[in-house]
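The values are calculated or read from the model by the stated rules, or taken from the named source; none is laboratory data. As the structure is a computational prediction, the values presented were derived from the model and not from experiment. As a convention, Cβ positions derive from the backbone with ideal geometry for all residues, glycine included, and neighbour counts pool all protein chains shown. Just the protein is used for accessible areas: all its heavy atoms, side chains included, with ligands, DNA and RNA removed. Shrake-Rupley method; radii C 1.70, N 1.55, O 1.52, S 1.80 Å.
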Amino acid sequence: MVTLGNKPLCSGCFSPIKKEPCKKCGFSEESYKPDSTALPCGTILMGNFIIGSVIGKGGFGITYRAYDFKYDRVIAIKEYFPIELAIRKQNGTELMVRDRKSAEMFKHGA
């Protein structure tokens, strides 16, 4: 569950939620099982976006539902995360490259 101020919001649609599953979209935090490479729900990016649930994942990135504070709307954010080149740091939000060769490839998006 994501919180905005003191208001709990659904991680799937960002509607106010009191109990699960969400009455608007049916999303359930209890059954949501993202893998360890995904950003945690509730992560704030650049002070403007809050991360919700994962929409999809591929070899080059992870796509999330997110909420845009500035424009007051639900959006999608794609995180560049080439799985062969990078890993998630222990803090759960930062990436680091696997080695020096990977760093060069990561930098150029190869």
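Of all segments of the chain bounded by GluC sites (Glu not before Pro) found in a DSSP loop with no more than 14 other C-beta atoms within 10 Å, the longest spans 31-83.
Whenever you get a sec, line up D35, D68 from highest to lowest accessible area (probe 1.4 Å, protein heavy atoms). Write out the running numbers ahead of the final one.
Values: D35 70, D68 10 Å².
Heavy-atom accessible area, descending, gives D35, D68.
For the range 64-73, 3J(HN,Hα) computed residue by residue from phi via the Karplus equation (6.51, -1.76, 1.60; θ = phi - 60°) reads 10, 6, 8, 10, 9, 5, 4, 9, 6, 8 Hz, glycine and proline entered as x. Which percent of the accessible area of the chain is formed by carbon and sulfur heavy atoms (probe 1.4 angstrom)? Carbon-and-sulfur percentage of accessible area, whole number: 55.
Given the chain, report the % of alpha carbon pairs whose separation exceeds 24 Å.
For the chain, the share of Cα pairs beyond 24 Å comes to 29 percent.
Quick one: dipole size for the range 42-102, taken about the Cα centre, charges +1 on Lys/Arg Cβ and -1 on Asp/Glu Cβ, in debye to the nearest 20. Mind dumping the intermediate values first?
Numbers: 10 positive and 6 negative charges, 28 e Å.
With only Lys, Arg, Asp and Glu charged at Cβ, the dipole is about 140 debye.
Using a probe of 1.4 angstrom and keeping all protein chains present, the accessible surface of the chain works out to 65 square angstrom per residue. Here the chain is treated with +1 on each Lys and Arg Cβ and -1 on each Asp and Glu Cβ, and its dipole about the Cα centre works out to around 180 debye. Given a 1.4 Å probe and the protein chains as shown, M1 ends up with an accessible area of around 90 Å².
Is it possible to state the helix-based mean residue ellipticity at 222 nm for the chain, with each DSSP H run of 4+ residues giving -39500 (n - 2.57), the sum divided by total residues, to the nearest 500 deg cm²/dmol? What is it?
Details: 1 runs with 9 residues, N = 110.
Here the helix-only value at 222 nm equals -2500 deg cm²/dmol.
Legend: Rg and Dmax of the range 1-64, from Cα coordinates, 11.9, 36 Å. Placing unit charges on each Cβ (+1 for Lys and Arg, -1 for Asp and Glu) gives the chain a dipole about its Cα centre, and among I51, F106, G61 the Cα reaching farthest toward its positive end belongs to I51.
In whole percent, what relative contact order does the chain give with Cα contacts below 8 Å and a gap of six or more residues?
Working: 185 pairs, mean separation 17.5, N = 110.
Normalised by residue count, the contact order of the chain is 16 percent.
Taking the chain as a whole, the Cys residues whose C-beta sits 4.7 Å or farther from every other Cys C-beta are C41.
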